[in-house]
Every structure is written in C-alpha cells, then in structure tokens.
1. Which value, in nm² and rounded to one decimal, describes the direction-averaged projected area of the C-alpha convex hull of segment 52-201?
2. Using just the Cα positions, wrap segment 150-212 in a convex hull and report its mean projected area in square nanometres, one decimal place.
3. What's the Cα-based Rg to Rh of segment 207-267, Rh via Kirkwood?
4. Scan the chain and report its longest stretch carrying no trypsin sites (Lys or Arg not before Pro) that are both in a DSSP loop and have at most 14 other Cβ atoms within 10 Å.
5. Could you work out how far the C-alpha centroid of segment 539-576 sits from that of segment 600-624, in angstrom?
6. Please work out the Cα convex hull volume for the chain and give it in Å³ per residue.
7. How big is segment 418-570 by the Kirkwood estimate over distinct Cα pairs, in Å?
8. Of Gln656, Thr671, Thr153, whose Cα points farthest to the positive end of the dipole of the chain (charges on the beta-carbon: +1 Lys, Arg; -1 Asp, Glu; origin at the Cα centre)?
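Taken together, the values in this text are just the output of simple stated rules run on the coordinates, not laboratory data. All values reported here derive from a predicted model rather than from experimental measurement. Cβ placement follows ideal geometry from the backbone for every residue including glycine, while neighbour counts extend to all protein chains displayed.
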Amino acid sequence: MTDVGNSVVDVSGPVVQAGSVGGNVVINHHPASPVEVPDQLPPPTAGFVNRVREFEALDGVLAAAGARPSGCAVVTGLAGVGKSALVHTWAAGRSERFPDGRMYIDFTALRTPGGTAVGDALAECLRALGVHEEHIPPTLAGRTALFRTKMATGRRLVVLDDVTEPAHVQPFLTRSTGSVVVATSNERLVELALDGATAVPLAPLGLEDAVRVLAALCPDGRLDADQTSAEALVRLCGGLPVALRVAAGRLLGRPHLTPAALVDQLSDEAGRLEGLALGGERVVSAVFDNSYRSLHPAAAALYRRLGLLPLLEIPRHVIDVVAVRADDAVEALVRAHLLDEIGPDRYAFHGLVALHARGRAAEEETAGDADRLLATVLGHYLERLCHADRTVMEDRLRIAAVAPSTPTPFGDKRQALEWLVTERANLLGLVRSAELRGYDEVAWQMAEALTALYLNRRYVADWIESADIGARAARRVGDPAAEARLRSVVSRAYTDLGRLDRAEEELALARELAARSDNPVLVASVWEFTGRYLDHVDPHEAIAAYRNALAVNSDIGERRGAALATYFMGCSLHATGEDDEALAALSHAHAEFEAVDDPRMAARALIGLGALRRDVGDFAAAREDLETSVALFQQSGAEHYESQALVVLADVLEAQGQDNLAREHLARALTIREAAGADVSDLRARLGE
C-alpha cells in the first residue's frame with residue numbers, strides 16, 4: 001500500500017485540508033492576538049546605594065552575551081544583604097538592552113516542604129513567551145526544551161530570585177547569544193561557576209554607604225543632625241541592608257523617636273534582633289530563619305554550638321573541639337553565607353548572624369549542654385594560652401604553677417606572640433564568659449597568662465579589663481597570691497595611662513595581699529612593681545623599693561628576680577643623676593640576664609645602658625647597645641620594647657648628625673605605638689607631622 005501525504009511550503013497562517021470544496025463555503029479566520037513583551041521585574045528598591053563593582057560584573061556578563069551563549073550571573077551573599085535590590089536596580093537601568101522581554105521568577109513562592117517546583121517556573125516563563133496553556137508540555141524535560149526553543153532568538157533577561165541549588169538555574173540556560181540569566185542565592189552555587197557562570201559576591205555595606213542608605217530611607221533630617229548616632233545604628237545593623245531598612249522604618253513610624261534613643265534600644269545584644277522588627281514581624285530574624293531551616297541537621301547543630309561561643313573569630317581547631325568530623329557542616333555553613341571564611345582555617349559570623357545562632361541555641365540546646373560546651377572550649381584555650389605564656393615569658397613568676405599537659409604548638413617566642421595577638425579578642429571574650437558563668441579558677445588563670453601579651457603589646461584597655469576580672473575571680477576563690485599578682489602587674493597599665501592614683505591603689509592592695517601569701521618571690525615582685533610606679537612619682541623612693549626587692553630575691557636565691565631589681569634600680573639611679581652607680585647596676589643586670597638566658601630582659605638592659613651612655617656623650621657605645629637591643633626585640637616580636645629602643649637610638653643618631661636614619665626609626669616607633677593605641681603626639685611632633 002502506498003502512503004499518501006500532504007506538505008505545505010512557504011505558507012504562514014491557518015491551513016485547511018479538505019477532500020473537495022463546493023460553493024457557498026466561507027472560512028472565517030481571526031488573527032491571533034499579538035504576544036505582549038513581558039516586563040515582570042519588580043521596581044527598583046528605594047534608597048539603593050550604587051554598588052559600582054557589582055554593576056560592572058553584571059555589565060560584563062551583558063557585554064559577553066552577544067559573543068557566547070547562556071550568559072549567566074549568580075549574585076550570592078548573606079540573606080538580607082541586598083541581592084534582589086541590586087539585580088532589580090541594575091536591570092531597571094538597562095531595559096533597552098532587553099527589547100524582547102524581562103521575565104522574573106521568585107523561587108521563594110515555589111518552595112514547598114516537598115521541594116521546589118522548577119517546572120512551574122518554566123511554565124510561567126512559557127506563558128510570558130506566548131505559549132497557550134494547552135501547549136505547555138507536562139514534563140520538566142519538555143518544558144525545558146520548549147523554553148530553549150522560544151528563547152533561541154531575541155534578547156531577553158531572565159531573573160531567578162532566591163534559588164537554592166544549581167538545578168534550579170540549569171533548565172533556564174539556553175544557547176541564545178542575546179539573552180542573560182541572572183540568579184540570586186544565599187548559597188554560593190559553585191557548580192554554576194564551574195560551568196561558566198559569573199559569580200557576583202555581595203557583602204554588607206561599608207559605613208559611609210550604609211549611612212547614606214539610612215538617610216535616604218528616613219529623609220526627615222534626624223539622621224543628618226546626629227551623625228554619631230547614624231554611624232552607631234549602622235554598626236549595630238552590621239551594614240546589612242535589611243536591618244538598615246527596619247531601623248529606618250522604626251524611625252519613620254515614630255516621628256519623635258531620636259536616632260540616639262533607637263541606638264540605646266538596640267545596644268543590648270540580647271534584644272537586638274527583637275528590636276529589628278516592624279509591625280510585630282521580626283524581619284531580620286525571619287530572613288536568617290529561612291537560611292537556617294535549609295541546613296541539614298549536622299550543619300544546623302554546628303551553627304547553634306558555634307553561636308554559644310564568645311568568640312569574635314572561630315579558628316578551625318575550636319570547631320574540631322566542639323564537633324566531630326565537621327568538614328561537611330562547615331562547608332554547608334560557608335556555602336549558605338551563614339559563616340564567613342576570613343582566612344586559612346579561620347571563620348567568623350556576621351554580628352547579627354551570631355545573635356541569631358545564639359538565639360537558636362537558646363531555644364534548641366539545653367543549659368547543661370551550653371555549660372559543658374563552654375567548659376570544654378575554656379579548657380582548650382587555657383591550655384594553649386599557658387603554652388604561649390611559657391614560650392614568651394619562659395620562667396617568670398606565675399601563681400598558676402600547673403604546667404600544660406599537652407605538647408606545645410609553638411615553635412618559638414615570635415610564633416607564640418603572634419598567636420596571642422591573633423586571638424586577643426577571643427581570649428578577652430573567654431575571660432569575660434568564664435566570670436559570667438562562674439568559672440573563677442579559669443578566669444584568673446587566663447588573666448594571669450594574658451600578661452604575656454600585654455607586657456609585650458600594650459593593649460592597655462584590654463589589660464585593665466582582664467586584670468580586673470581576674471582579680472575579682474581570685475578573691476572569690478580565696479587566692480590572695482593570684483589577686484596580688486594581677487593587681488601588681490596591672491599597675492603598669494595604669495602607670496602607662498598616667499592614672500597614677502589608681503596604680504598606687506592597686507599596689508597598696510597587692511603589697512597587703514602578698515604579705516599574706518607566704519610567697520617571698522611574689523613579695524619581691526610587688527616591691528619591683530611599686531618601684532616602677534614610684535619612678536614616676538619619686539625616683540629616690542623608687543630606689544628604696546628596688547633595694548627591698550633585691551634584698552628579698554637575694555635571700556631566697558632568686559637570681560633572675562635579683563637581676564630585675566638591679567636593672568630597674570639602675571634606671572632609677574640614672575634618673576637621679578647617679579651615673580656611675582647606674583652604669584655599674586645596669587652592666588651587672590645585663591650580665592646576669594645573659595647568664596640566666598633571658599634575652600628579652602638583656603635587651604631591655606641594653607636600652608638602659610644606651611640611654612645612660614647617650615646622656616654622658618658616649619654615642620658610639622650607646623649606638624652599639626641600642627642597635628643590638630632593636631635587633632633582639634625584632635627577632636622576638638616584642639614591639640613595645642622595640643619602639644622604646646628605637647626612640648633612644650634616634651636621639652643618638654641625631655646627635656651623630658644622621659637625621660634621615662633617625663627619622664626612619666621614629667616613624668617605625670610611631671607605627672608600633674599607634675597600632676597599640678598609645679599616645680603618639682610626641683613622636684608626631686618630632687617628625688613634624
């Protein structure tokens with residue numbers, strides 16, 4: 001049997017097939033309605049601050065769309081950081097580049113407990129492209145194929161908002177060389193980047209831009225009139241646009257609420273997320289809740305446990321203490337932008353995310369679990385802190401005499417000191433938490449070990465807070481020796497600040513406590529710190545205090561303690577003009593420090609000798625002493641003392657007519673002291689700044 005068929009070529013419009021046509025036949029044809037060009041994007045967000053770098057990245061995708069298929073960009077970042085606002089604003093300024101339509105799919109509306117209906121999203125796009133309902137294929141594969149066919153020509157923008165996985169984006173990628181797909185996601189979606197998509201990461205706003213956003217959203221002048229409070233609000237909101245909008249909304253809703261009053265309300269961390277609410281809805285918490293609910297159980301558990309820790313930055317070794325085999329959980333949190341990777345094996349929460357994690361832990365973890373976790377982390381840090389203290393300060397006086405039970409992780413003093421500097425904020429936060437949760441023994445031991453940092457890097461505000469906490473804790477556990485030690489050592493911080501009355505109070509109490517402690521080494525040490533204070537008040541009395549310290553150390557055979565007392569006494573003798581005695585004392589101290597293998601104090605003795613020889617005009621010997629001292633401090637990383645040596649060395653160089661080299665040393669000293677928060681007005685004056 002022969003097949004019979006018909007074919008029609010080069011004909012557009014309806015076609016009628018009939019066996020035969022008689023007269024009086026009328027065929028009515030109604031032309032199809034023209035397909036409207038879709039323009040579905042929401043309007044740009046009010047108060048948007050131009051994100052120049054991110055706009056340039058998106059423009060780069062647009063420019064390349066004419067040369068290669070499937071132009072795709074993925075804007076990623078923390079929930080509430082302004083990803084959708086960025087894309088909407090960018091697209092609004094480029095409508096002429098997409099004459100054939102701009103389509104928009106909000107994946108939040110398509111998400112259900114059973115998954116995300118990507119097929120429904122494709123159906124919405126097909127309808128926008130003019131496909132009638134009866135012609136939309138029933139399967140995802142069929143809809144994907146038809147979508148790509150319809151997109152083959154023309155120039156269109158497809159925005160996929162709040163996708164959570166690469167599979168949500170891939171069906172929308174086509175071979176069209178004129179169209180662009182832009183997705184936003186809280187997840188990093190690195191698989192799309194591997195397939196050629198352009199990743200556009202979005203960070204919270206900086207201070208200046210965030211203040212501009214606040215002022216634009218609340219334009220009644222209240223924020224312009226109180227710039228200090230405006231900046232404080234930005235910091236409390238962490239530069240996060242969703243939080244800034246809520247803060248502005250609260251001001252707009254109450255015309256008599258001042259920015260300063262709102263700052264006061266949000267300053268309490270415990271109630272900050274509740275305070276960032278509008279109309280009874282906790283807006284900021286809600287955006288984080290969405291990300292949190294998407295985590296698998298192990299990642300959610302790690303999120304909560306990390307939220308319980310008083311750490312500004314979270315080292316990987318701490319994560320390994322609080323969770324077993326945490327690699328996948330860490331990766332999930334980083335991918336979801338709930339945890340920022342700020343360096344090798346180092347992580348941090350955004351400030352508001354940290355509060356959210358803490359809140360989830362308060363609701364889902366027991367109080368006992370929280371206490372055990374803190375105790376574990378305190379023990380972990382105390383062990384490392386004791387190692388760092390012993391590496392940096394070696395055999396100095398310690399009241400906490402128990403040595404660490406694990407091998408030291410530090411190879412030398414510089415490495416240990418660098419760790420102390422890196423962990424500075426974490427260590428102080430743990431001291432605070434130890435006191436708050438009643439771990440007094442840990443609190444004073446950590447405070448004592450932290451003096452290894454503060455004696456080498458003068459973070460005086462931290463030092464005072466840590467010592468105050470430690471001294472209170474030592475008193476509560478009935479340890480007068482620990483309290484005396486902490487109060488005597490912190491007198492140096494008060495002296496550095498010029499708060500001599502407070503230094504005297506601390507030392508008077510320390511001498512009383514030391515006398516009750518039955519610890520002669522401690523008694524001698526307190527007399528030594530008393531002399532350091534008296535150097536600023538009465539150098540002759542300081543000499544007497546140092547003689548007391550020397551006598552006690554000599555009686556008990558404490559050679560290093562005797563060398564310390566001799567060194568400080570030599571400095572005081574120099575200050576009172578007794579140069580010959582000073583030279584003998586400082587020379588003897590230097591020799592003793594070398595004999596007991598204490599290079600840090602030997603280098604300090606060289607500063608004293610260099611200053612003495614400068615004042616008596618022996619510039620060549622002074623320079624040799626001081627250059628040796630600077631080299632030793634640079635080798636050990638003891639920058640505070642390095643800056644002291646540099647200033648005296650600059651004096652000597654100026655006396656020798658080497659002004660340029662002197663200025664280099666003064667500039668280095670200024671950098672060191674400025675980084676430590678010290679007063680540098682004298683150095684700036686010498687440099688003519």
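1. Values: hull surface 34.2 nm².
Taking the Cα atoms of segment 52-201, their convex hull projects to 8.5 nm² on average.
2. Reported value for the Cα convex hull: 5.6 nm².
3. Rounded to two decimals, Rg over Rh is 0.89.
4. 326-515
5. Here the two parts' Cα centres lie 19 Å apart.
6. Values: hull volume 168.8 nm³, N = 689.
Each residue corresponds to 245 Å³ of Cα convex hull volume.
7. Its Kirkwood hydrodynamic radius stands at 15.6 Å.
8. Thr153
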